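The values are calculated or read from the model by the stated rules, or taken from the named source; none is laboratory data. These figures come from a predicted structure and were not determined experimentally. With ideal geometry, Cβ positions are generated from the backbone for all residues, glycine too; neighbour counts draw on all protein chains shown. Areas reflect the complete protein model, heavy atoms only, side chains present, ligands, DNA and RNA absent. Shrake-Rupley method; radii C 1.70, N 1.55, O 1.52, S 1.80 Å.
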Amino acid sequence: MKNIIFLAPPAAGKGTLSEMLQEKYGYGHISTGDLLREEVKKGTDLGKEAEGLMKAGKYVPDELILKLIKNRIVKPDCDNGYILDGFPRTIVQAEKYDELLKELNKDLGVVIYIEIDKEMAIKRACSRITCPKCGRIFNKYSNEMKPKKEGICDDCGEKLIQRADDSEETFNKRFDEYIEKTMPLYDYYNEKGVLRKIKAYESKYDTFDEAVKVIEE
Ligand code: ADP
């Protein structure tokens, strides 16, 4: 199975698409945002360093992210293909990741760029609610993505929360950070010939269908 890297602004739907593709194909799912939130919850040194930055909508230093990725990518659920959701986010991360792939003798796979306009992304971030236990993503105002019971996770019955960085103010900072530091990856991967573009539709199923086409092409 082709490995997948999602390249997209915050709240474009990387997490939701990852969950759907994981279910269809059995991919390992690596979300650096989820990994960091776990470290914050556990109160590790890394978590303590990341927490303030994340709340401010800033990126966490490259070395810390690379440490997380190196440990995660070698787990058995990644043996037959994995999805990178939220990594690489900077040119340095992308270069170091290329070196890591060489070391591990793994393929880069395909980079899926999700196109979404800022207004739609803000709307999604501000109405996103997540399960602090299993990480599943819901949306208060979307018919197809709201939980069956208001405020409760369908899968584990946990109370859903709004992420600390999903306010409009922090979202704007995250978006700026994305334009400045992550957007250059578009050219980086395009030049390698591995970039494919899909659109973020209102319905997650339409976006999913496009992603499936790219993976199976
Ligand atoms: P979203 O799903 O909205 O794109 P994430 O959950 O992926 O957000 O990431 C949340 C935050 O975690 C980011 O705003 C950033 O502070 C930090 N983060 C996640 N991945 C990375 C990364 N690869 N490099 C630097 N910071 C990261």
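Measuring with a 1.4 angstrom probe and ignoring ligands and nucleic acids, LYS149 comes out at about 140 Å² accessible. Using a probe of 1.4 Å on the protein chains alone, the accessible area found for LYS14 is around 20 Å².
Of the heavy-atom accessible surface of the chain (probe 1.4 angstrom), what whole percent is carbon and sulfur? Of all accessible area on the chain, carbon and sulfur atoms account for 48 percent. At the residue level, TYR59 shows approximately 50 square angstrom of accessible surface with a 1.4 angstrom probe and all protein chains present. Residues whose amide H lies under 5 Å from that of ASP154, counting only those 5 or more places away or on a different chain, are LYS148; hydrogens are built 1.01 Å from N in the peptide plane.
The distance separating the Cα centre of segment 165-217 from that of segment 65-115 comes to 16 Å.
Annotation: per residue accessible area for the chain equals 52 Å², rounded to a whole number [probe 1.4 Å, protein chains only].
The helix-only estimate of mean residue ellipticity at 222 nm for the chain, built from DSSP H runs of length n ≥ 4 each weighted as -39500 (n - 2.57), is -14500 deg cm²/dmol after division by the residue total. Considering only ALA11, ILE114, LEU101, and ranking their Cα positions along the charge dipole of the chain that arises from unit charges at the beta-carbon of Lys, Arg, Asp and Glu, the one farthest toward the positive end is ALA11. Taking other residues whose beta carbon is less than 15 angstrom from the beta carbon of GLY26, and scoring Lys, Arg as +1 and Asp, Glu as -1, yields -2.
Of GLU217, GLU115, GLU177, the residue with the largest accessible area leads and the full order is GLU217, GLU115, GLU177 (1.4 Å probe).
The translational diffusion coefficient of segment 75-217, from Stokes-Einstein at 20 °C and 1.002 mPa s with a Kirkwood hydrodynamic radius over alpha carbon pairs, comes to 124 µm²/s. Near ILE73, once Lys and Arg are set to +1 and Asp and Glu to -1 for all other residues with Cβ below 11 Å from its Cβ, the sum equals +1.
Which aspartates and glutamates have a Cα lying under 19 Å from the Cα of LYS41, excluding residues fewer than 8 positions away in the same chain? Output for LYS41: GLU49, GLU51, GLU158, ASP165, ASP166.
Among LYS75/LYS140; LYS48/LYS102; LYS67/LYS173; LYS75/LYS199, which pairs are too far apart, with a Cα-Cα distance over 28 Å? Show your work: numbers first, answer last.
Details: LYS75/LYS140 34 Å; LYS48/LYS102 31 Å; LYS67/LYS173 25 Å; LYS75/LYS199 31 Å.
Table pairs above 28 Å Cα-Cα are LYS75/LYS140; LYS48/LYS102; LYS75/LYS199.
Report note on the peptides 154-165, 85-96: ranked by the mean count of other C-beta atoms within 10 Å, highest first, their order is 85-96, 154-165. Taking all Cα pairs closer than 8 Å and separated by 6 or more residues, the relative contact order of the chain comes to 30 percent.
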